[in-house]
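Before any comments, here is the structure.
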Amino acid sequence: MSQLTAIVTGASEGLGKAFAIELAKRGINLVLVSLPESGLIPLGKYINKTFDIRVDTVELDLTHDESPTEIFQFLKREKLTAHILINNAGLGNWDLFIDKQPEFYRTQIELNVIAPVILTRMFLEQADDQVTSYILNVGSLGGTFVVPRKSVYGASKAFISYLTKCLQLELTGKNVKMSLLSPGGINTKPELLVINQQLKGIAKATIFEAEDVARIAIDGLFKGKKEIVPGQANKLLVGLNSVLPGFIKNAIIKGKLKEHGK
Ligand SMILES: NC(=O)c1ccc[n+]([C@@H]2O[C@H](COP(=O)([O-])OP(=O)(O)OC[C@H]3O[C@@H](n4cnc5c(N)ncnc54)[C@H](OP(=O)(O)O)[C@@H]3O)[C@@H](O)[C@H]2O)c1
């Protein structure tokens, strides 16, 4: 494979950081994007030293209108073409709809929906059609299952799922591969780790470490998989979701929420 460059959004921590390291292990140059003062610069230096690849860091807030343009202007100035786009940055929550302020939902939609749409559009514009380009959109099983307390988050991931599946059809015959990543829970933050450690049975089997999700996702992306669902338990749940009637799914979800005192 010739020297490739990947843009990874939300790369300072969690799954984005795991993507950065996984791509670096494969000798792929990186343009890492995250909020200012998020530790992105030291992370970039560490990856550059450890894996001997080029790493550029762009610190900006992806909820700002001008941010996608700034990323591609940076690439132009540096005479770089991006071959891989990982739309990873995302904002989740676990609250009743009424318990969050309107401004929170605005930010969530700007980060989870608007930013990936605009970045994908700009990425395709600069893509070199002589070299295969890759786009990985990070969705969630939260976009497949209808779960209370995940209202706007789940809807934003359902949007990403539709967008990806639609663009996969539009891009048929073009030198672009696009995958949707639909993970279950990932141990990315201490608070998630605490919740996930209390799970049992199949619920426990749906949880993965960020490094494993990143490896499975990048393998799937390069193989041209349309949708990547890490783990057998998650695949089983997706299969059940497509055959079970809505009232049974709702009863199961309400039962599970009761178990957790919600
Ligand atoms: N964790 C899970 O259980 C899970 C499950 C399914 C899907 N996902 C999806 O996986 C993706 C990554 O999740 P994660 O758990 O790794 O999240 P995370 O640990 O909260 O990391 C999010 C990353 O995005 C960056 N970011 C946040 N707001 C930003 C903004 N306005 N502009 C630029 N960068 C911003 C963060 O930077 P800072 O460090 O500065 O905050 C951080 O690098 C998300 O799309 C999420 O929806 C996660």
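The values are calculated or read from the model by the stated rules, or taken from the named source; none is laboratory data. The shown structure was predicted, so the numbers you read here are calculated from the model rather than taken from an experiment. Please note: Cβ atoms are built from the backbone with ideal geometry, for glycine as well, and neighbour counts cover all protein chains shown. The accessibility values were calculated without ligands, DNA or RNA, using every heavy atom of the protein model including side chains. Shrake-Rupley method; radii C 1.70, N 1.55, O 1.52, S 1.80 Å.
Looking across the stretch 206-221, the residues that are touching a residue at least 12 places away in the same chain (Cβ under 8 Å) and more than 12 Å from the ligand (Cβ to nearest atom) come down to 212, 215, 216, 218, 220, 221. Checked against (1) within 16 Å of the ligand (Cβ to nearest atom); (2) under 15 Å from residue 84 (Cβ atoms); (3) without any contact (Cβ under 8 Å) to a residue 60 or more places away in the chain; (4) not polar (S, T, N, Q), residue 203 meets all criteria but (2). Which members of the stretch 222-249 meet the condition of being in contact (Cβ under 8 Å) with a residue 40 or more places away in the chain and aliphatic (A, V, I, L, M)? If the condition is that a residue be in contact (Cβ under 8 Å) with a residue 40 or more places away in the chain and aliphatic (A, V, I, L, M), then 228, 229, 233, 237, 238 are the ones that fit. Residues that are among the small types (Gly, Ala, Ser) and within 16 Å of the ligand (Cβ to nearest atom) were ranked within the stretch 166-192; the one that is farthest from residue 205 (Cα to Cα) is 179.
Taking (1) closer than 25 Å to residue 210 by Cα; (2) surrounded by 14 or more Cβ atoms within 10 Å (Cβ to Cβ); (3) not charged (D, E, K, R) in turn, residue 50 satisfies each apart from (2). The set of residues from the stretch 144-167 being open to solvent by less than 20 Å² (accessible area, probe 1.4 Å) and of a type outside the set (D, E, K, R) comprises 154, 156, 160, 164. Taking the stretch 168-262 as the region of interest, the helices (runs of 4 or more DSSP H) fully inside it that hold 2 or more residues being at pLDDT below 95 are 190-197, 201-205, 232-243, 246-259. Only one of the listed residues (65, 61) is within 16 Å of the ligand (Cβ to nearest atom), surrounded by 14 or more Cβ atoms within 10 Å (Cβ to Cβ) and of a type in the set (D, E, K, R). That residue is 61. Condition check for residue 107 on (1) in a helix (DSSP H, G or I); (2) more than 10 Å from the ligand (Cβ to nearest atom); (3) surrounded by fewer than 17 Cβ atoms within 10 Å (Cβ to Cβ): one failure, at (2). Can you work out which of the residues in the stretch 77-104 that are assigned to a helix (DSSP H, G or I) and without any contact (Cβ under 8 Å) to a residue 24 or more places away in the chain is farthest from the ligand (Cβ to nearest atom)? So the residue we want is 98.
Evaluate the following for residue 202: is it open to solvent by 60 Å² or more (accessible area, probe 1.4 Å) and more than 16 Å from the chain's Cα centre (by Cα)?
In short, yes.
Is the stretch 148-170 home to any residue that is farther than 24 Å from residue 9 by Cα and touching a residue at least 40 places away in the same chain (Cβ under 8 Å)? Yes, the stretch 148-170 contains at least one residue that is farther than 24 Å from residue 9 by Cα and touching a residue at least 40 places away in the same chain (Cβ under 8 Å).
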